[in-house]
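Here's the structure, in structure tokens; my notes come after.
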Amino acid sequence: MAKKQKQRNAKARRWIAFPAFELFPPADILGLDLLCLMSAYNDMLRIVDWMEVYQHVPKDPLAKKLDDQRRSMQWRLLLGVLHEALKSLKRMKGDQRFKELFANLDDNGNNAYEGLLPILSWNSSDEPKPLGVFLLRVRNQGAFHYIRNHFGDGLSQLKQSFGSVDDGFILEGNPQKGRIRFSFADTARNAAAFGASLDVKRLNMELDDHLQEVWKVIGLMNHFLQSAFFSYCKMRGFEPSEDGDNFRIQPTRKSKS
């Protein structure tokens, strides 16, 4: 684990410098939407990095329960941010200058966008895409909001699936100076976001199918954004050039007649 982490952190990094407010003026709507999408993608990478740090599964049952709930929180956050990222892409697609940006995408960017396009129809008049519905439900009921009705839905699903059962909270330390992890609250929230079923194997298989799609979508987002950035630079009259070990985005050189 430590070796893998060290190798990941040892990746070569190169600075891509640009005149910030010339390339991204505050009034440029397409540029603002692109920055929104880039920021959402950054947040997804941070969550993925956080997930990769914790690979060890505790043996203690209560510690394992807490670890499971941490991982479910990470998934809820990742899925919620992915929903917002796709929402930002859909908004950017509606900009009148998006056609020009799209026309300047390279093959990787074009293929990535074509792969993302079907996911953007989750709230269209047509039959919603399963992944889009899944992301919307997790975003609304498990990522950013704490709504009493959502917890009520989660409790109802748990009761319907499992009947009358014991659950509880976890006390860490002694009652005087310790702290309580209110784990059952997360159980109710996870049920609202992901569902609750006696057929745990089937539920896990359904979740796994969606989560495999999520990794694919994040990869497509990476390819699209890299291509979209350079396409946007071209639209703004800039081009990349090598600057020693790094790169610089600078005004496009006009050819001599």
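Since every read-out is calculated from the coordinates, none of them should be taken as a lab result. Since we're looking at a predicted model, the values are computed, not measured. We place every Cβ from the backbone using ideal geometry, glycine too, and count neighbours over all the protein chains shown.
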Selected from 157, 55, 176 as most flexible by GNM, with the chain as the system and alpha-carbon contacts under 10 Å: 176
Those aspartates and glutamates that a straight Cα-Cα span of less than 19 Å connects to residue 93, excepting residues fewer than 8 apart in one chain: 28, 33, 84, 106, 107, 114, 126
Cα-based equivalent ellipsoid of the chain: semi-axis lengths in Å, sorted from largest, via gyration tensor: 42, 23, 16
Dipole of the chain [Lys/Arg +1, Asp/Glu -1 at C-beta], most positive-end residue of 83, 191, 69: 69
Subset of 59/159; 87/159; 90/216; 99/234 violating a 22 Å alpha-carbon distance limit: 59/159; 87/159
GNM flexibility winner over the chain from 205, 38, 92 (Cα, springs under 10 Å): 205
Computed over the chain: relative contact order in percent, which uses C-alpha pairs under 8 Å that are six or more apart: 26 percent
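Which of 84, 22 comes first, and how do the rest follow, when ranked by fewest Cβ neighbours within 10 Å? Write out the running numbers ahead of the final one.
Numbers: 84 19, 22 13.
Fewest to most other Cβ atoms nearby, the residues stand as 22, 84.
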Modelled FRET efficiency - R0 41 Å, residue 155 with residue 111, Cβ distances, 0.05 increments: 0.40
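Enumerate by residue number the trypsin sites (Lys or Arg not before Pro) in region 22-131 meeting two conditions: DSSP loop (anything except H, G, I, E, B), and at most 13 other Cβ atoms within 10 Å of the site's Cβ.
Details: sites: 46, 59, 64, 65, 70, 71, 76, 87, 90, 91, 93, 97, 99; in loops: 59, 97.
For trypsin sites (Lys or Arg not before Pro) across region 22-131 that sit outside H, G, I, E and B with at most 13 neighbouring Cβ atoms in 10 Å, the list reads 59.
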Mean residue ellipticity (222 nm) of the chain, computed from DSSP H runs ≥ 4 via -39,500 (n - 2.57), nearest 500: -20500 deg cm²/dmol
Amide hydrogen neighbours beyond the local backbone of residue 238, cut-off 5 Å, H modeled: 252
Spatial separation of Cα centroids for region 87-116 and region 132-169, in angstrom: 35 Å
C-alpha long axis of helix 148-162 to longest principal axis of the chain, angle in °: 50 degrees
